[in-house]
Amino acid sequence: MKFSTALSFALLVPFASAFTFTPQGVRKSSALFSTTAETPKMNRAIPKAPVFDEVCETTGVTLTRFMDEVAGLNPDARELTVLFDAVGTACKAIGNMVKRSQLPSSETLGMQGETNVNGDDQKKLDVITNDVLKRALRFTGRLGVLASEEEDEPVNLAAQETKKVLLDEGEKYVAVFDPLDGSSNVDAGIPTGTIIGVYEYDDSCKTDEQRDECIVNTLQPGTNLVAAAYCLYSSSTFLTLTLGNGVYMFTLDETIGEFVLSKPDLKIPDDSKIYSFNEANADRWDPTIRGVVNNWKSGKGENGKIFTSRFIGSMVGDVHRTLLYGGVFGYPGDTINPNGKLRLLYEGAPMSFIMEQAGGLATTGKERVMEMVPAEVHQRVPIVMGSKNQIQEVIDAYAKEN
């Protein structure tokens, strides 16, 4: 194994392909990826990202090295390195729990016997993984508030300083997460995942009495996200993240226990012929989305292709495939669930951030998901996201109604 100390750095412009795989590792590419998709600009400056001329032949670019280089280029983001180190560790632990859950000696399968605030029956793994991620983030000292699918209300960590956990005086963040997306499928060994969004923290939330201020800390639109990530527990354990300048996919190399960069500056194909919806609800969808999907199925859509249906039933699994192969993932509203079933704050917004940074689009049909301001922590939202051509087709169909 050998390392090269020669590193060069560059500012990655939006939708630029900054890496090329070679037998020697990863090098900078001069080719630019052009697109006509218009992604509204963030108020924050686009962060710089590292470009590695050479990498270790054995370990490649690990998540730790990647984040260290990001911090070197962006001093304001230095605290994120600690946060993502905790995320990576938690995802490794959760991935192992999911894999071992099928063993006869495991006591993690089955129901907890309770329901969460959303009215969903809690699996034992829901509770366990929530505790793992919550503790991992809490002990970084960089977290002010967290909100989880499994928590009734946001947890104000700033008011819980103890001798064991002292909040660092540096930058602090708000983390929102779904600890085990698709947990209803875990007993069958179907892919599951973790979704995380990171916002800036407002120092006004300091004591238990300031409950309203703590909730306001979490009720931010996706456009305020500093970072978003998901972990997928499947044939491999994947960690995909964005810091607002492209999407980077890491794969867990279990021989060295490290997440290794496997897909730098990931881009979703502009066009595809795959859709992923729960068609059991099709008769209850509104006529607009039902008409668009029927056109795709019959080859009467904009690209004239006959589409193929692929539905896992786990948002992380379905979005992961959509990012790699292109297509559309959607959970529209219906007559029973007019606002859909996915949660805006800790599912819709973080995954939309990742999708947009990969060159795709995410919409309710009538509104950009990233611009929606949650009215409550567990607010649901209808979502359609994926390849820009197909999502634009959905947006245009709803626009014709007006």
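The values are calculated or read from the model by the stated rules, or taken from the named source; none is laboratory data. These figures come from a predicted structure and were not determined experimentally. In this analysis, Cβ positions are derived from the backbone assuming ideal geometry, glycine residues included, and neighbour counts consider all displayed protein chains.
Observations
- Hey, residue 274 touching a residue at least 12 places away in the same chain (Cβ under 8 Å), of a type outside the set (D, E, K, R) and over 21 Å from residue 356 (Cα atoms) or not: no
- Residue identified as under 19 Å from the mean Cα position of the chain (by Cα), modelled with pLDDT of 85 or more, among the aliphatic types (A, V, I, L, M) and closer than 30 Å to residue 103 by Cα among 136, 188, 175: 136
- For region 238-252, a residue qualifies if it is in contact (Cβ under 8 Å) with a residue 40 or more places away in the chain and β-branched (Val, Ile, Thr), and the qualifying residues are 240, 242, 247.
- From the options 343, 290, residue that is touching a residue at least 24 places away in the same chain (Cβ under 8 Å) and not aromatic (Phe, Trp, Tyr): 343
- Tally of residues being under 22 Å from residue 189 (Cα atoms) and in a loop (DSSP other than H, G, I, E, B) across region 298-340: 5
- Selection of region 255-272 for residues being among the acidic types (Asp, Glu) and in contact with a helix residue (DSSP H, G or I) (Cβ under 9 Å, 6 or more places away or on another chain) yields 258, 270, 271.
- Test: residue in region 257-268 that is out of contact with any strand residue (DSSP E or B) (no Cβ under 9 Å at 6 or more places or on another chain), assigned to a helix (DSSP H, G or I), in contact (Cβ under 8 Å) with a residue 12 or more places away in the chain and surrounded by fewer than 20 Cβ atoms within 10 Å (Cβ to Cβ): no
- Residues in region 62-83 that are over 26 Å from residue 254 (Cβ atoms), out of contact with any strand residue (DSSP E or B) (no Cβ under 8 Å at 6 or more places or on another chain) and touching a residue at least 24 places away in the same chain (Cβ under 8 Å): 4 in all.
- Scanning region 381-402 for residues that are surrounded by fewer than 20 Cβ atoms within 10 Å (Cβ to Cβ) and among the charged types (D, E, K, R) yields 393, 396, 400, 401.
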